[in-house]
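Below is one structure, written out as structure tokens; comments come after it.
The values are calculated or read from the model by the stated rules, or taken from the named source; none is laboratory data. Since this is a predicted model, take the numbers as computed values, not measurements. Neighbour counts run over all protein chains shown; Cβ positions are idealised from the backbone, glycine included. Remember, those area values only see protein heavy atoms, side chains included, never the ligands or the DNA or RNA. Shrake-Rupley method; radii C 1.70, N 1.55, O 1.52, S 1.80 Å.
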Amino acid sequence: MLNSGRDISCEGLAVFQDRLRRLFMEWKARPFRSSEDVFPEELLASLRKIGALDALLPFEDGGLGVASSPEGRGALLTLLRRTGYLSLSLGRCLEGHVNVIRLVALYGSSDQRKKLARTLKGGVLAGIWVTDGNPPVTIQKESDGYRLSGLKGFSSGVSQVGLALITATTVDDASVMVLAPTTDPSRRRPGPGKLTGMQASGTGAYDFTDLHVSAGDILGSAGDYLRQPEFSAGAWRGSAVALGAMDRLVDLLRQELVARGRADNPHQLCRIGEALILQKTASLWAGQAAQAAYGGAEVSPEEITATVNLARLAVERAALELMTLVQRGLGLSAFVKGRAVEQVMRDLATYLRQPAPDEALTDAASWFVNHDWPEDVA
């Protein structure tokens, strides 16, 4: 189960956020290095060093409840936003790591939660790989446990993730979640092709054929992965990562125009002003989505899902408009490979391609057609 407020150390959260602020300022000041094919191991190590990954764990498992408590919500938003600023690729992997922690906290047994905590405290990066390859992943009962078969494609951090939460289809055509080790290099496969952006996330495929797992590796019950509101509510975390990239684009736009002596041009000032509006709009929506996701029992799953879906699309729209502004403001220099602004825009455009945007919009609209917008809560 997820943390209650009584379990959370506000002092511990404050210390963690101060460490995160210091790390962010240090990394933000570093010169840009064009190494988009290289997984950001050094940044991940720095986050581990300040206790960021341990802080994500529930309080009872030695963490600060950052991933699982209302009190940790602000710290989690900041962590994802700052990571997205520094590396969208690491932001994607970190968001997946958070997703695993939350799903185990929600649907796992006490033994599974404790086992996960021990594993992650050992420095393992967790991933959530649910997109099937060819053939898709299936699971079959055997006398001594279960046997997996098939591949997962679009597996972020395939060479770095040591434990993956995957979905597998049973002989009864039900979908179950499985916690599976992913440390065997011989099982790694190439991804669907070289992506336009997000190359540093190391997206590939993983072959689970003939991998044996135990009953203790099966998480929750059939269908739990798609259970609302968690299935849709988690999208707010992706929006927070994307928001971090928007923050960086606004900074890059301002900095380059100042360096060119063009920041006082009235047309460029209009672009800067519009960029700041888009940045703040996305920030407000991300905060609204985070608040909804932690709404508690008094907020219906339908309202949580609808709010987060609208926020997801609002952040996407703001990010796409921001990229157009940056391209117009900087001209062809925004398209020169090897420059930070070009790489961030390419990564962001790839990152924003989340599934079923039209369905998310119409589902959200159908809820709010007959329900008032929730009152803002401080």
Give Met198, Met177 a once-over and let me know the one that is touching a residue at least 40 places away in the same chain (Cβ under 8 Å), touching a Ser or Thr at 6+ places or on another chain (Cβ under 8 Å) and within 23 Å of Arg346 (Cα to Cα).
Met198
Please specify each residue of the range 169-182 satisfying the condition of being closer than 20 Å to Ile101 by Cβ and over 19 Å from the mean Cα position of the chain (by Cα).
Val176, Val178, Ala180, Pro181, Thr182
Considering only the range 133-149, state which residues are at pLDDT below 95 and buried (at least 19 other Cβ atoms within 10 Å of the Cβ).
Gly133
Tally the residues that are modelled with pLDDT under 95 and among the hydroxyl-bearing types (Ser, Thr, Tyr), restricting the search to the range 39-91.
2
Would you call Gly127 open to solvent by less than 10 Å² (accessible area, probe 1.4 Å) and in contact with a helix residue (DSSP H, G or I) (Cβ under 6 Å, 6 or more places away or on another chain)?
yes
Ala282 being closer than 27 Å to Asn99 by Cβ, in contact (Cβ under 8 Å) with a residue 60 or more places away in the chain and touching a helix residue (DSSP H, G or I) at 6+ places or on another chain (Cβ under 9 Å)
no
So which of Arg81, Arg92 ends up being over 15 Å from Gly234 (Cβ atoms) and either assigned to a loop (DSSP other than H, G, I, E, B) or of a type outside the set (Ser, Thr, Tyr) (or both)?
Arg81
Of everything in the range 306-328, what is farther than 17 Å from Ile277 by Cβ and open to solvent by less than 20 Å² (accessible area, probe 1.4 Å)? Give them in sequence order.
Ala306, Thr307, Val308, Asn309
For the range 1-26, which positions are open to solvent by less than 40 Å² (accessible area, probe 1.4 Å) and modelled with pLDDT of 90 or more?
Leu13, Phe16, Leu20, Leu23, Phe24
I need the full set of residues from the range 240-268 which are among the basic types (Lys, Arg) and free of Cβ contacts under 8 Å to residues at least 60 places away in the same chain, in order please.
Arg254, Arg260, Arg262
Residues to consider are Ala292, Ala306, Ala349; find the one that is within 30 Å of Asn265 (Cβ to Cβ) and part of a helix (DSSP H, G or I).
Ala349
Would the range 185-199 turn up any residue that is in contact with a helix residue (DSSP H, G or I) (Cβ under 9 Å, 6 or more places away or on another chain), buried (at least 16 other Cβ atoms within 10 Å of the Cβ) and outside any loop (DSSP other than H, G, I, E, B)?
yes
Which of the residues spanning the range 293-305 are open to solvent by less than 40 Å² (accessible area, probe 1.4 Å), within 16 Å of Ala364 (Cα to Cα) and in contact with a Pro (Cβ under 6 Å, 6 or more places away or on another chain)?
Ile304, Thr305
Only listed residue being more than 24 Å from Val130 (Cα to Cα) and open to solvent by less than 80 Å² (accessible area, probe 1.4 Å), chosen from Val369, Val341:
Val341
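Checking the conditions here, which among Ala117, Ala105 is touching an Asp or Glu at 6+ places or on another chain (Cβ under 7 Å), of a type outside the set (S, T, N, Q) and open to solvent by less than 40 Å² (accessible area, probe 1.4 Å)?
Values: Ala105 fails: touching an Asp or Glu at 6+ places or on another chain (Cβ under 7 Å).
None of the others qualify; the one that does is Ala117.
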Filtered residues of the range 344-358 (kept if over 19 Å from Arg237 (Cα atoms) and either open to solvent by 50 Å² or more (accessible area, probe 1.4 Å) or modelled with pLDDT under 95 (or both)):
Asp358
For the range 224-258, enumerate the residues that are hydroxyl-bearing (Ser, Thr, Tyr) and within 15 Å of Ala282 (Cα to Cα).
Ser239
Select from the range 249-292 the residues that are open to solvent by 50 Å² or more (accessible area, probe 1.4 Å) and among the β-branched types (Val, Ile, Thr) and list them in ascending order.
Val258, Ile277, Thr281
Filter the range 113-155 down to residues that are more than 22 Å from the chain's Cα centre (by Cα) and acidic (Asp, Glu), then give me how many there are.
2
Quick check, is Ser35 surrounded by fewer than 17 Cβ atoms within 10 Å (Cβ to Cβ) and of a type in the set (S, T, N, Q)?
yes
